[in-house]
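The next block holds one structure in the form of structure tokens; read it before the comments.
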Amino acid sequence: MQKDRQDDILSLLGERDGASVGELSKLLGVSEVTIRSDLTGLAQAGLVRRTRGGARPLNVSERPLEETTKQHSAIKRRIGAAAAQRVQDGQTIFLDVGSTTTEIARHLSPTLRGVTVVTNGLNIALELERYSGLHIIVTGGSLRRLQHSLVAPYALELLSRIRADLLFLGCNGVDAQHGVTNLNFGEAEVKARMVEYAREVVVVADPSKIGQVTRAHIVPVSRVQVLITGRQADQDAMCALSEQIPEIVTV
């Protein structure tokens with residue numbers, strides 16, 4: 001499929017900081033004409049920069065959690081509060097890393113009982129310490145200091161042994177065609193594993209993420225059951241998403 005092939009191209013370009021059309025053609029087993037067509041589409045989507053004979057990934061810088069927490073903070077608090085209301089006694093939930101998912105941790109009801117929260121965010125685990133009714137599991141893995149997150153190796157192993165009722169998934173982009181995406185490949189891998197073992201996927205994204213596409217694909221929007229975002233989100237992008245996501249909540 002073209003979408004899967006384009007995701008592979010983005011991964012290869014990220015790993016190699018660029019590649020030629022010929023290299024990509026050999027690695028993916030398709031014609032150079034097909035690769036050129038894919039690169040044209042990715043360049044138009046703002047995901048790659050064409051070079052003579054190939055392409056390079058765009059140098060989109062990832063910001064520290066402490067910085068992103070200050071952006072759209074009021075909307076993120078509202079999204080966090082709305083998402084937290086979905087957690088019920090006795091559930092097992094995956095709580096992903098990020099500034100918006102941190103707000104979910106802060107807004108969980110203190111009356112919850114028998115809830116298990118599995119997270120790969122060290123800051124989120126610390127936020128949850130004050131809840132006596134929660135059992136908190138940290139995935140383990142290698143530390144990414146920028147987001148206080150845990151990634152492979154070892155982060156994936158624990159997730160494969162757990163089945164969650166809910167996943168609250170953070171991201172850097174939500175687009176009807178390109179799906180849910182993230183800036184960092186290591187975090188995207190953990191997020192995708194959480195999706196695999198969660199019964200219901202709830203994406204939490206402030207309006208700046210709607211209609212955006214970043215380099216690491218996580219999951220198609222058809223796998224998302226709920227999207228919680230702000231009312232200021234781009235309406236054309238929201239209309240396209242509503243055709244594939246059963247429930248969209250704006251706060």
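The values are calculated or read from the model by the stated rules, or taken from the named source; none is laboratory data. Being a predicted model, the structure only gives us computed values, none of them experimental. Every residue, glycine among them, receives a Cβ derived from its backbone with ideal geometry; neighbour counts consider all protein chains shown. SASA here: full protein model, heavy atoms, side chains in, ligands and nucleic acids out. Shrake-Rupley method; radii C 1.70, N 1.55, O 1.52, S 1.80 Å.
Just one of the numbered conditions (1) touching an Asp or Glu at 6+ places or on another chain (Cβ under 9 Å); (2) in a helix (DSSP H, G or I) is not true of A192: (1). With respect to R63, determine if the residue is in a helix (DSSP H, G or I), among the charged types (D, E, K, R), open to solvent by 20 Å² or more (accessible area, probe 1.4 Å) and closer than 26 Å to V204 by Cα. No, not satisfied. Filtered by the rule that a residue be in contact with a strand residue (DSSP E or B) (Cβ under 6 Å, 6 or more places away or on another chain) and at pLDDT 95 or above, the stretch 212-222 gives I218, V219, P220, V221.
Taking every residue in the stretch 110-126 that is free of Cβ contacts under 8 Å to residues at least 24 places away in the same chain and pairing it with any residue that is assigned to a strand (DSSP E or B) and open to solvent by 30 Å² or more (accessible area, probe 1.4 Å), at least 6 positions away or on another chain, the pairs with Cβ-Cβ distances below 9 Å are A125/I136; A125/I137; A125/V138. Pairing residues of the stretch 35-46 that are assigned to a helix (DSSP H, G or I) with residues that are open to solvent by less than 60 Å² (accessible area, probe 1.4 Å) and of a type in the set (G, A, S), at Cβ distances under 6 Å and at least 6 apart in sequence or on separate chains, gives I35/S25; L39/A55.
Among the residues of the stretch 51-60, those identified as surrounded by 14 or more Cβ atoms within 10 Å (Cβ to Cβ) and either among the charged types (D, E, K, R) or in contact with a helix residue (DSSP H, G or I) (Cβ under 9 Å, 6 or more places away or on another chain) (or both) are G54, A55, R56, P57. Filtered by the rule that a residue be closer than 20 Å to V48 by Cα, of a type in the set (D, E, K, R) and touching a helix residue (DSSP H, G or I) at 6+ places or on another chain (Cβ under 6 Å), the stretch 196-245 gives a lone residue, R215.
Can you run down the residue pairs with Cβ atoms below 8 Å, 6 or more apart or on separate chains, where the first is in the stretch 129-151 and within 18 Å of R106 (Cβ to Cβ) and the partner is assigned to a loop (DSSP other than H, G, I, E, B) and at pLDDT below 90? Close Cβ pairs (under 8 Å, with a partner that is assigned to a loop (DSSP other than H, G, I, E, B) and at pLDDT below 90) amount to Q147/E62; Q147/P64; Q147/N184. Restricting attention to the stretch 198-222, the residues that are open to solvent by 40 Å² or more (accessible area, probe 1.4 Å) and either among the polar types (S, T, N, Q) or touching a residue at least 40 places away in the same chain (Cβ under 8 Å) (or both) total 6. Please verify whether R77 is exposed (fewer than 14 other Cβ atoms within 10 Å of the Cβ), without any contact (Cβ under 8 Å) to a residue 60 or more places away in the chain and more than 25 Å from A192 (Cβ to Cβ), treating the condition exactly as stated. Answer is no for this residue. Scanning the stretch 103-156 for residues that are over 19 Å from V204 (Cα atoms), part of a strand (DSSP E or B) and within 16 Å of the chain's Cα centre (by Cα) turns up R144, L150, V151.
Anything in the stretch 6-28 that is open to solvent by 40 Å² or more (accessible area, probe 1.4 Å) and either modelled with pLDDT under 85 or under 17 Å from A188 (Cβ atoms) (or both)? List them, or say none. Once the filter is applied, which keeps residues that are open to solvent by 40 Å² or more (accessible area, probe 1.4 Å) and either modelled with pLDDT under 85 or under 17 Å from A188 (Cβ atoms) (or both), the stretch 6-28 yields D8, S11, E15, R16, D17.
Of everything in the stretch 153-170, what is open to solvent by less than 40 Å² (accessible area, probe 1.4 Å) and among the hydrophobic types (A, V, I, L, M, F, W, C)? Give them in sequence order. Result: A155, L156, L159, I162, A164, L166, L167, F168, L169.
For every residue, the table says whether it meets (1) among the small types (G, A, S); (2) farther than 25 Å from V221 by Cβ; (3) modelled with pLDDT of 95 or more.
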| residue | (1), (2), (3) |
| --- | --- |
| L126 | no, yes, yes |
| I136 | no, yes, yes |
| T139 | no, no, yes |
| A152 | yes, no, no |
| V174 | no, no, yes |
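Here is a check on your reading of the model: is V249 in a loop (DSSP other than H, G, I, E, B), open to solvent by 10 Å² or more (accessible area, probe 1.4 Å) and among the hydrophobic types (A, V, I, L, M, F, W, C)? No, not satisfied.
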